[in-house]
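Quick notes on the structure that follows.
The values are calculated or read from the model by the stated rules, or taken from the named source; none is laboratory data. None of these values were measured; they are calculated from a predicted model. Cβ coordinates were reconstructed from backbone atoms using ideal geometry, including for glycine residues, and neighbour counts include every protein chain displayed. Side chains are part of the model used for accessible areas, which takes the heavy atoms of the whole protein and leaves out ligands, DNA and RNA. Shrake-Rupley method; radii C 1.70, N 1.55, O 1.52, S 1.80 Å.
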Amino acid sequence: MAFADTHRDEPGRRRTGGNIDPEPVRMDPRSEGLPQAAADHLVALVARAAQAPAAMVLLLAGEQLRLVGAYGLPSHWPSSPSVAVSSALGGLVISRGAPVVISDVLADDRVPTARPERAEGERAFLGYPIRDGDGAVAGVCAVLDYQPRQWQPEHLTAVDQGARACTAFVGEQRSAARADDVQRLLAALLDSLQTGVAACDAAGWLIFSNKANQDLNGELPDDIDLRTWARQQTALTPAATLPPAVGPLLQALAGESLHESEIMVERRQQRPSMLLADAQPIINVGGESLGAVVTLQDVTQRHTAAVSKDCELTIRRLLSGSDTRPADELLREVLTTIGRMLDWAATEFWAIDEVGNVLQRHLRWTDERNLLPPGLPDRLGHGQGMPGRAWQTSEPVWATDLHTDADARAQTLDWGLLRSAVTVPVPIGSTTRGVLSCYSTYTESPDDVRTAVMTGVAAHIGQFLERRRGWDLTIELGHSRDEYIALVGHEIRTPLTSILSYTALMIDDPDLPTADRVEMLQVMQRNTGRLQIIVDKLLDIAGLQSGHVTVDFRRMDLSAVLLAAAATVRDRFADRDVTVDVDSPDEAILWGDPRRLAQVVDELLANALEWADEGSHITATVTADGPATLLTVSNTGQVIPAAERERLFQRFFRTQGALTNAVPGTGLGLSLARTIIEQHGGTITATTDDDPPGTTITVRLPTDRPTATSPEHLRATTTDAAPGAARYR
């Protein structure tokens, strides 16, 4: 918006260069700023005083003389108002810096030979130099005649006085030109700023508003003073929000000074903008108010960056490792922090289900509006939806419009009031192991600052999960060491002691009765068998985890394995009043090792029978769960405490109930089962029920050939999570 002088063109109304262009005094395009009427009037007076038929005023403009005032000239002269100094009679005045008097141009050898055609008919010339305030020649005041003549002293005096009068015009013109140049430079400078600038006079009339201020405020009123306009707006609509520049301007008019006052500007379907306002009154040397000025800086990006940095630091502290709460509780707090500090309407954490090779929504947070639409899928395939796309590309994915974005529409066609989203992969090591999704009610655009912050937050989550996994393994190793010592102290030393004792007796007493010898050998054989089971399971676990023992994958029927194992276990526990019920389809085909999975099923059924109540039922089922096959074994009996469920599948662990009731065992069966399942790319979890009390073991196995069988898979822990839900401790 241009900076222009303010003037009144009718009572009570003021125009501004920033809003309504002023109607200038009519200027001749030849005049370089001199009013045409004034210039023409002056040269007419000079012509009359010199008794000449024509007169003119020419001002020097570089190498040109520009006609700025004329009287009695031929009609074709104004069409070409400029002439080269070197080819004009006025050029003689300029070059000499003194008056030039010519009685007959045809007889005077000072006249330039190259004359413009417009000078035809000109016979007599009288010109005086026009000087500026510093005495430099600035132009020519001249009279002409179309016939030869002798110029009289009074004629020279008239032209001389005309030239002197023009000096005032030149000074005024140059001052006006300089003021105009300064004004234009100032306007251009202010328009080039990204800071909004507006000013009003003492009466509250807007006198200037640059382009940045227009962008921030829209069109400000120019036909009424701001005080009156603000009162009218609030009277019409009490909740009306005035443009952000108006309030600070009115405060400054009242004598206040504002420094970096924060203004939050709400915009429809857009994130609020944060502005900093500086305003102050303008006071003259006499202490009178001349008006007020305000500057507005849009610091939204700076504010967003600062808040984002605070959010990232908060999450870093939260996940630093000093807080020992369960991982899910901390992750839920992370989602809440992201949503509230960064103004998202909803946030989600998706975990990769390694068994089914799908993303599964693990945790979510929404603000009080609860805007996530119902019916959103809880599982997404690789490349499916926005989370699936982030998983596939390992890059952040922005959806600027959820209602038209192809990936967003793969999740739902109706996102309600939600407008945009960003999904960021959560890395653990070099692999994506989860996805963080954030949804907004604003129309968002990809933003480098927020993308970097969200990527950083996702990295903190990944590092946290990796640390927790390492922590879990360290704790498990510590427990295993302690329980191994207990195992050696009891389950290994006891049978060894028995074997050594009976061996010593048999050696010391060669005449030992046959019946006693046979009984001792049976005890030794039984204890040797116990040791053999421990050694075999330990070697099996170690071999499977190290890769020295491989899993023989083939197409197999899990239903057939379950039926065979159930028959075997029924025979083994025939003395127990417990029923084993099997519920499975005719076939449950998957890729696996039949012998190893038979070990798992046998271990789970035997463990369930061991702890089942007399007269109860054990239920074993096989079901399909999308890309996974589920095997569940449930019994009713003593409930395993939550703290012990966390360790149920650790090596050498035995429950307190087993220790208290002196139930024989090594604590290796369920650990071996977990190792076999993990080698199949599956998970094994334990849950308990209180009514009736009992335990359910759930195994999830990939139906198709697993893409990876490394023990480095994220492990679902033995918690009360729903079957199939990836869970982190």
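Going by the conditions given, is Val551 among the β-branched types (Val, Ile, Thr) and under 53 Å from the mean Cα position of the chain (by Cα)? Can you show your working first?
Details: among the β-branched types (Val, Ile, Thr): yes; under 53 Å from the mean Cα position of the chain (by Cα): yes.
Judged against the criteria, Val551 is a match.
Do you know which residues across the range 278-300 are touching a strand residue (DSSP E or B) at 6+ places or on another chain (Cβ under 6 Å), assigned to a loop (DSSP other than H, G, I, E, B) and either open to solvent by 50 Å² or more (accessible area, probe 1.4 Å) or not polar (S, T, N, Q) (or both)?
Within the range 278-300, Val299 is the sole residue that qualifies.
Among the residues of the range 439-460, is any open to solvent by less than 20 Å² (accessible area, probe 1.4 Å), of a type outside the set (D, E, K, R), within 25 Å of Leu319 (Cα to Cα) and not in a helix (DSSP H, G or I)? Give the steps one after another, and end with the answer.
Initial filter on the range 439-460 (open to solvent by less than 20 Å² (accessible area, probe 1.4 Å)): 439-440, 444, 453-454, 456-458.
Imposing the further condition that a residue be of a type outside the set (D, E, K, R) reduces the set to 439-440, 453-454, 456-458.
Now restrict to residues that are within 25 Å of Leu319 (Cα to Cα): 439-440, 453-454, 456-458.
The next check asks that each one be not in a helix (DSSP H, G or I); those that pass are 439-440.
The answer is yes, given that some residue of the range 439-460 is open to solvent by less than 20 Å² (accessible area, probe 1.4 Å), of a type outside the set (D, E, K, R), within 25 Å of Leu319 (Cα to Cα) and not in a helix (DSSP H, G or I).
So is Gln183 within 30 Å of Ala230 (Cβ to Cβ) and in a helix (DSSP H, G or I) or not?
Values: within 30 Å of Ala230 (Cβ to Cβ): yes; in a helix (DSSP H, G or I): yes.
Yes.
Report, by residue number, each residue of the range 501-553 that is among the charged types (D, E, K, R) and either surrounded by fewer than 11 Cβ atoms within 10 Å (Cβ to Cβ) or in a loop (DSSP other than H, G, I, E, B) (or both). Explain how you work it out, then say what you get.
The first filter runs over the range 501-553 and keeps only residues among the charged types (D, E, K, R), leaving 508-509, 511, 516-517, 519, 526, 530, 536-537, 540, 552.
Within the range 501-553, Asp508, Asp509, Asp511, Asp552 qualify.
Consider Leu418 against the criteria (1) within 13 Å of the chain's Cα centre (by Cα); (2) surrounded by 15 or more Cβ atoms within 10 Å (Cβ to Cβ); (3) not small (Gly, Ala, Ser): it satisfies all of them except one. Which criterion is unmet?
Failing condition for Leu418: (1).
If you go through the range 303-322 one residue at a time, do you hit one that is buried (at least 18 other Cβ atoms within 10 Å of the Cβ) and touching a strand residue (DSSP E or B) at 6+ places or on another chain (Cβ under 6 Å)?
Scanning the range 303-322 turns up no residue that is buried (at least 18 other Cβ atoms within 10 Å of the Cβ) and touching a strand residue (DSSP E or B) at 6+ places or on another chain (Cβ under 6 Å).
Would you please list the contacts, defined by Cβ atoms under 6 Å and residues six or more apart or on different chains, that run from a residue in the range 84-100 that is more than 17 Å from Asp160 (Cα to Cα) to a residue that is open to solvent by 10 Å² or more (accessible area, probe 1.4 Å) and small (Gly, Ala, Ser)?
Pairs that qualify, where the first residue is more than 17 Å from Asp160 (Cα to Cα) and the partner is open to solvent by 10 Å² or more (accessible area, probe 1.4 Å) and small (Gly, Ala, Ser), are Ser87/Ala114.
Pick from Thr228, Thr167: which is within 30 Å of Leu60 (Cα to Cα) and open to solvent by less than 50 Å² (accessible area, probe 1.4 Å)? Walk me through it before giving the result.
Values: Thr228 fails: within 30 Å of Leu60 (Cα to Cα).
Every option except Thr167 fails the conditions.
How many residues, within the range 180-210, are buried (at least 18 other Cβ atoms within 10 Å of the Cβ) and either aliphatic (A, V, I, L, M) or in contact with an Asp or Glu (Cβ under 6 Å, 6 or more places away or on another chain) (or both)? Spell out the reasoning first.
Within the range 180-210, the subset buried (at least 18 other Cβ atoms within 10 Å of the Cβ) is 187, 190, 196-201, 204-210.
If we keep only those that are either aliphatic (A, V, I, L, M) or in contact with an Asp or Glu (Cβ under 6 Å, 6 or more places away or on another chain) (or both) as well, we get 187, 190, 197-199, 204-207, 210.
Qualifying residue count, the range 180-210: 10.
Going by what's in this entry, would Ser559 be described as within 55 Å of the chain's Cα centre (by Cα), touching a residue at least 60 places away in the same chain (Cβ under 8 Å) and under 22 Å from Thr632 (Cβ atoms)? It would help to see each step written out before you state the result.
On the way: within 55 Å of the chain's Cα centre (by Cα): yes; touching a residue at least 60 places away in the same chain (Cβ under 8 Å): yes; under 22 Å from Thr632 (Cβ atoms): yes.
Yes; evaluated as a whole, the condition is true for this residue.
Output the residues belonging to the range 617-630 that are within 16 Å of Thr688 (Cα to Cα) and open to solvent by less than 10 Å² (accessible area, probe 1.4 Å). I'd like the intermediate steps shown before the answer.
First, pick out the residues of the range 617-630 that are within 16 Å of Thr688 (Cα to Cα): 617-620.
The answer is Ile618, Ala620.
Would you mention how many residues in the range 191-249 are outside any helix (DSSP H, G or I) and small (Gly, Ala, Ser)?
Of the residues in the range 191-249, the ones outside any helix (DSSP H, G or I) are 193-210, 218-225, 237-245.
Filter again for small (Gly, Ala, Ser), leaving 196, 198-199, 202-204, 209, 218, 239-240, 245.
Summing the residues that are outside any helix (DSSP H, G or I) and small (Gly, Ala, Ser) in the range 191-249 gives 11.
Could you run through the range 421-438 and say how many residues are under 21 Å from Arg467 (Cβ atoms), hydrophobic (A, V, I, L, M, F, W, C) and crowded, with 21+ Cβ neighbours inside 10 Å?
Initial filter on the range 421-438 (under 21 Å from Arg467 (Cβ atoms)): 424-436.
Applying the additional criterion that residues be hydrophobic (A, V, I, L, M, F, W, C) yields 424, 426, 428, 435-436.
This time we only want the ones that are crowded, with 21+ Cβ neighbours inside 10 Å, so: 424, 426, 435-436.
Total meeting the criteria: 4.
Mind checking which strands (runs of 3 or more DSSP E) fall wholly inside the range 340-404 and carry at least 1 residues that are in contact with a Leu (Cβ under 7 Å, 6 or more places away or on another chain) and either in contact (Cβ under 8 Å) with a residue 12 or more places away in the chain or open to solvent by 40 Å² or more (accessible area, probe 1.4 Å) (or both)?
Working: elements: 346-353, 358-366, 397-399.
In the range 340-404, 346-353, 358-366 are the strands (runs of 3 or more DSSP E) which contain 1 or more residues that are in contact with a Leu (Cβ under 7 Å, 6 or more places away or on another chain) and either in contact (Cβ under 8 Å) with a residue 12 or more places away in the chain or open to solvent by 40 Å² or more (accessible area, probe 1.4 Å) (or both).
Just to be sure I understand, how many residues within the range 555-594 are open to solvent by 50 Å² or more (accessible area, probe 1.4 Å) and among the β-branched types (Val, Ile, Thr)?
3
For Ile352, indicate whether it is at pLDDT below 90 and of a type outside the set (Lys, Arg). I'd like the intermediate steps shown before the answer.
Values: at pLDDT below 90: yes; of a type outside the set (Lys, Arg): yes.
Judged against the criteria, Ile352 is a match.
Of the conditions (1) farther than 22 Å from Ile676 by Cα; (2) crowded, with 20+ Cβ neighbours inside 10 Å, Asp613 fails just one. Which one is it?
In the conditions (1) farther than 22 Å from Ile676 by Cα; (2) crowded, with 20+ Cβ neighbours inside 10 Å, Asp613 misses (2) alone.
Which members of the range 64-84 meet the condition of being assigned to a helix (DSSP H, G or I) and either open to solvent by 30 Å² or more (accessible area, probe 1.4 Å) or at pLDDT 90 or above (or both)?
Taking the range 64-84 as the starting set, the residues that turn out to be assigned to a helix (DSSP H, G or I) are 77-79.
The answer is Pro78, Ser79.
Taking helices (runs of 4 or more DSSP H) that do not extend beyond the range 637-718, which have at least 1 residues that are open to solvent by 20 Å² or more (accessible area, probe 1.4 Å), acidic (Asp, Glu) and at pLDDT 60 or above?
Details: elements: 642-645, 656-660, 669-679.
Here the list reads 642-645, 669-679.
Restricting to the range 591-615, count the residues that are within 27 Å of Asp536 (Cα to Cα) and either without any contact (Cβ under 8 Å) to a residue 60 or more places away in the chain or part of a strand (DSSP E or B) (or both).
Our first condition is that a residue be within 27 Å of Asp536 (Cα to Cα); within the range 591-615, this holds for 591-612.
Right, trim to either without any contact (Cβ under 8 Å) to a residue 60 or more places away in the chain or part of a strand (DSSP E or B) (or both) and you get 591-592, 594-595, 598, 601-602, 605, 609-610, 612.
Counting residues in the range 591-615 that are within 27 Å of Asp536 (Cα to Cα) and either without any contact (Cβ under 8 Å) to a residue 60 or more places away in the chain or part of a strand (DSSP E or B) (or both) gives 11.
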